[in-house]
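What follows is calculated from the coordinates using simple rules that are stated; it is not laboratory data. The shown structure was predicted, so the numbers you read here are calculated from the model rather than taken from an experiment. Backbone-built Cβ (ideal geometry, glycine too); neighbour counts: all protein chains shown.
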Amino acid sequence: MRLLLDTCTFLWAVDEQTQLSDQARSLIADPANEVYLSAISAWEIALKQERGSLVLSEPAHRYVPKFREAHGYLELALDEASALRSGRLPQLHKDPFDRMLVCQAIEHSLTILTPDAHITQYPVRAVW
């Protein structure tokens, strides 16, 4: 299975937080699955840290690649097709970061690991 981590899922997974569901934890740990972290999540993390709404053990520009690589998560860049899909996505969710993750999941046939029920309103596979 090809999985795309929601931003909060990435943060909880690398910090070994109990907020992760058993299913999410199991899917992330399964070596048969490809686990991706989007550049969109990296951007969201950097902005939240800059604004003071997210505290990390080190600057985001070090934290994200360090823990993404340490956990073996693959990097997912923002591509043109995903960006352009955003203009065709219904306005069901206000969060622009989550909307772009949905676009990437659709374009790349990824399953999003997220606790966000709003994301399930879109034609994308979401698991928690």
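Of note:
- Leu54-Met1 FRET efficiency (beta carbon distance; Förster radius 41 Å; 0.05 resolution): 0.90
- Phi to ³J(HN,Hα) by Karplus 6.51 cos²θ - 1.76 cosθ + 1.60 over segment 34-41, Hz, x for Gly, Pro: 8, 10, 10, 10, 7, 4, 4, 5
- For the chain, the dipole from Cβ point charges (+1 on Lys and Arg, -1 on Asp and Glu) about the Cα centre works out to 260 debye, to the nearest 20.
- q = 0.09, 0.13, 0.16, 0.18 Å⁻¹, the chain: log10 I(q)/I(0) [Debye, one scatterer per Cα]: -0.23, -0.49, -0.76, -0.97
- Cut-off 14 Å (backbone N to label point 7 Å along Cα→Cβ of Leu74), residues of segment 19-44: 31-39
- Adding -39500 (n - 2.57) for every DSSP H run of four residues or longer, then dividing by how many residues the chain holds, sets the calculated 222 nm ellipticity at -13500 deg cm²/dmol.
- Relative contact order (%) - criterion: Cα under 8 Å, at least six apart; region: segment 2-127: 31
- Full extension of the chain between Gln19 and Glu107 yields a length gain of 28.9 nm, computed as 0.36 nm times the residue separation minus the alpha carbon distance.
- Near Arg125, the amide H atoms lying under 5 Å from its own belong to Ile112; only residues 5 or more places off or on other chains count, and H is placed 1.01 Å from N.
- Charge tally around Phe97: other residues with Cβ under 12 Å, Lys/Arg +1 each, Asp/Glu -1 each, net -2.
- Karplus-derived 3J(HN,Hα) values for segment 85-99, using 6.51 cos²θ - 1.76 cosθ + 1.60 with θ = phi - 60°, are 4, 4, x, 10, 7, x, 7, 8, 9, 7, 6, x, 5, 5, 4 Hz; glycine and proline are entered as x.
- Gap separating the Cα centres of segment 57-76 and segment 11-41, nearest whole Å: 13
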